[in-house]
Every structure is written in structure tokens, then in C-alpha cells.
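What follows is a set of notes on a single structure, which appears directly below.
The values are calculated or read from the model by the stated rules, or taken from the named source; none is laboratory data. Every value quoted in this text rests on a predicted model; they were computed, and no experiment measured them. Glycine gets a Cβ as well: all are built from the backbone with ideal geometry, and neighbour counts include every protein chain shown.
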Amino acid sequence: MTTLTDEAYLNCIRCGLCLSVCPSYRETLNETDSPRGRLALIRAMEEQRLDRGSNYTDKFFRCLLCASCENICPSGVLAGDLLQEARNDVAAHQLLPERLAELDRAIAEQHNISGETNTNRLLWADNLERPPSGLGKEQAEIAFFVGCVGSFFPRSYTVPRTFVQILEKADIDYALLGDREWCCGYPQYINGELDLAEEAIRHNVEQVTALGARKAVFTCPSCYHIWKHVYPEVLGHELDVELYHATELLDQLMEEGKVKTGAFPHTVTYHDPCDLGRKSDVYDAPRRILQRIPELTLAEMDENRENAHCCGGGGNLESHNSDLSLHIAQRRIRQAASTGASIVVSACQQCERTLANAARTAKIRMRVMDINEVVLRAMDG
């Protein structure tokens, strides 16, 4: 990983290409909200021309960590890594913005981002016709790691609900961890406090290993991303389980004929989550799923795949600056509406939340659905 001591920020040639794709800059048109502006601040901080206690350190947390800048940078500057190191430095000097420090404390105390008792992790299952078959299992082929957003935010309960129903219709052997599941640690990690996340990382791996699971599946791209890219680094070895985002597993099940759908006569557009697309290179599986559904028409947005615009919910921005997060989400929902589709589909519970809120506040008549919800509707139709 790039570190500040590499002086990699010096490779920035200030060409300005990143300004055209940075969601934060496109909303504020403020240079210090641009990737090259943040790199200039990092350089000033490292060269002691900028005091760590100044208001400029706030700019390091106005970034979505969406990697759009890295995707377009002609110099190959790993701006995301540099910004992560800057956040690490700010946190080490106990200068985290207060709302983000509160988020980290809530996770440390309750093992989830909501600050609620962790025994509430299965509230999403209450309204199912029958309890999920994965409840209470001590051994299973697959561990379904639900994540905090799907577990604690009612707007996102449909994500784990629909996914477990698909698994059960396909007769898949899976287990839910319930309150043995802790926050994946990603929010603490990107706040610059990986040391706080390490206990959860080791705990979560122990719980999945105790199930004897050969696979772990995630509906949350952020959980998937940290398990895949950060957990091995913390543990010092590769994991003994295969990691799947839900779309990768569902694509495989459809290919094997274990999941079959009827018609879904709607035009939809697909939003690529940043942690799933640019940061984990999963673009094709969700599209293959949608293209297999009879009578479903996929209309792509102009900014799609590696060029997709962020939903506004990444990088802990929603916790740090909810207004900026909302404006970014509203830009994306307008892009979705411009395709003529009646439904925008994503594969991330956070994207589903932010885009649905953006559609409501911008008064755009467009439905937001998780891809698992679409598949289940097509299976039942």
C-alpha cells in the first residue's frame, strides 16, 4: 500500500482530469474538494506547511473513497491509498471529526454502526412468513454475512430478506451468524482507526471458521471488499473460505439452473456500487443476472461500469456531511432517470438507501430496487 513517506503525491501532474469525475468536486466546485486539491493538502501537511489541527483536515473526510480519480489518473497516482494514510495520521493525532469519532465509539461498544444492542441483528427476519432456515445452524456450507446496514436500517431489510428467500428456493445450505456477527470494521478502517477494527476482524473470521463454512457470501460490497482486501493483511495470511458477493453466487446458481425466473416486464438501469465495481472488479455478474430474466430490458447510464458515478454513500461521507452526500446521490438518480428506465437496480444496501432517499427528496418518480428483490419478484411472478 502507498504511504505518505513514498511521496507518491509528487507524481500528481495537476492535469485536472480527476476534477471531471470526482463526485464531491462536481457538487461544490471547490478545489480542496478535488483529488488533486487533497493531494496538495497532504503534501503541505507532510512538509509541515499545514497544521494538522487546521480546518483543512476536514477535507480528507469529504471524500467518498470511490476510486473514480484513480480510474482516470494518467500518472497512476493512488489517491485513495494516500488519502487513507492521511486519515490514519489525523486519527492518530486524535483529530477525527466528532461525528466520525462517535461512529467509531458506537462500533467499538455495540459492534454495529447504529449503536443499538447487537442482539437486534436479526430484526429484518421478523416479517418473513417463516424463520430463515439458516438461523441457529452450527455447521453450514455457506456463511451469509449480512452487514450492519441490512441488519439495522429498516429501509434495507428487503436486501437480506430477499436473498435468504432465494437461497431457500434454491435449496442452499447456509447459516446466519445473528448477534455473533460484528461490524466488518470497514467504517473504522476508513476513518483511520484500523486498530479498533482488528478485534472485529479476528472475531468475524473465527465465527465463520467455527461454522465449517467453505464459502462466505455478502450482500454488502463494503463488507465484501474489506474481507477480501484488508482481512488477509491484518491476519497475515489468506482466508480459508472462498468469498463471494451475492451477485457472484447468484450468477453461478442461475448458470447451474438452480435459480430460474419468470418474466419481469420492466426497463431497468443498473448502478455499479463503487466497492463492488471499481474496487473489486465485479461488473459482469450483476448484468448477466439481469439479462437472464425474460422481458427485462437493461438500459445503461452514460456513466457505468468503471466510470460509474458514486451513490453518495461511501467513505463515511453520509455520517460526516449528510447534505453533500444527498446532493451527490441526487445527481446519480437524475442520471438513472435520464435512461428512461422506471427502476434503478443496485447490488448494495447502502446504494439502495441513498438512491431511494435521493429519488424521494428530488421528487423523481423512479423505483429503487436491490438486485435480489428483482430476482425474487421474477421467481415468484
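Among the residues of region 225-250, the one identified as among the acidic types (D, E) and crowded, with 19+ Cβ neighbours inside 10 Å is E248.
Residues in region 198-209 that are among the hydrophobic types (A, V, I, L, M, F, W, C) and either touching a residue at least 40 places away in the same chain (Cβ under 8 Å) or assigned to a loop (DSSP other than H, G, I, E, B) (or both): A200, V208.
Taking the listed residues A356, A336, the one that is within 16 Å of the chain's Cα centre (by Cα), in a helix (DSSP H, G or I) and either at pLDDT 95 or above or crowded, with 21+ Cβ neighbours inside 10 Å (or both) is A356, with no other qualifying.
When you scan region 205-215, do you find a residue that is surrounded by fewer than 20 Cβ atoms within 10 Å (Cβ to Cβ), under 24 Å from L123 (Cβ atoms) and not charged (D, E, K, R), even just one? Yes, some residue in region 205-215 is surrounded by fewer than 20 Cβ atoms within 10 Å (Cβ to Cβ), under 24 Å from L123 (Cβ atoms) and not charged (D, E, K, R).
Do we find a residue being farther than 21 Å from A106 by Cα, more than 16 Å from the chain's Cα centre (by Cα) and surrounded by fewer than 17 Cβ atoms within 10 Å (Cβ to Cβ) anywhere in region 184-198?
Quick first cut of region 184-198, residues farther than 21 Å from A106 by Cα only: none.
Within region 184-198, not a single residue is farther than 21 Å from A106 by Cα, more than 16 Å from the chain's Cα centre (by Cα) and surrounded by fewer than 17 Cβ atoms within 10 Å (Cβ to Cβ).
For region 266-306, the set of residues classified as touching a residue at least 60 places away in the same chain (Cβ under 8 Å), outside any loop (DSSP other than H, G, I, E, B) and either under 17 Å from C348 (Cα atoms) or basic (K, R) (or both) consists of V268, T269, Y270, P286, I289, L290, E306, listed by residue number.
Listed conditions (1) of a type in the set (A, V, I, L, M); (2) at pLDDT below 95; (3) surrounded by 16 or more Cβ atoms within 10 Å (Cβ to Cβ); (4) closer than 30 Å to D240 by Cα are all met by I142, apart from (2). Being surrounded by fewer than 21 Cβ atoms within 10 Å (Cβ to Cβ) and either part of a helix (DSSP H, G or I) or not aliphatic (A, V, I, L, M) (or both) is the filter here; which residues of region 167-183 pass it? If the condition is that a residue be surrounded by fewer than 21 Cβ atoms within 10 Å (Cβ to Cβ) and either part of a helix (DSSP H, G or I) or not aliphatic (A, V, I, L, M) (or both), then E168, K169, D171, D173, G178, D179, R180 are the ones that fit. Screening S222, S151 for residues that are surrounded by 24 or more Cβ atoms within 10 Å (Cβ to Cβ), touching a residue at least 40 places away in the same chain (Cβ under 8 Å) and assigned to a helix (DSSP H, G or I) leaves exactly one candidate, S222. Filtered by the rule that a residue be under 16 Å from L250 (Cβ atoms) and among the aromatic types (F, W, Y), region 117-174 gives F144, F145, F163, Y174. Against the test of being farther than 26 Å from T28 by Cα and in contact with a Lys or Arg (Cβ under 9 Å, 6 or more places away or on another chain), the options M369, M301 yield a single qualifying residue, M369.
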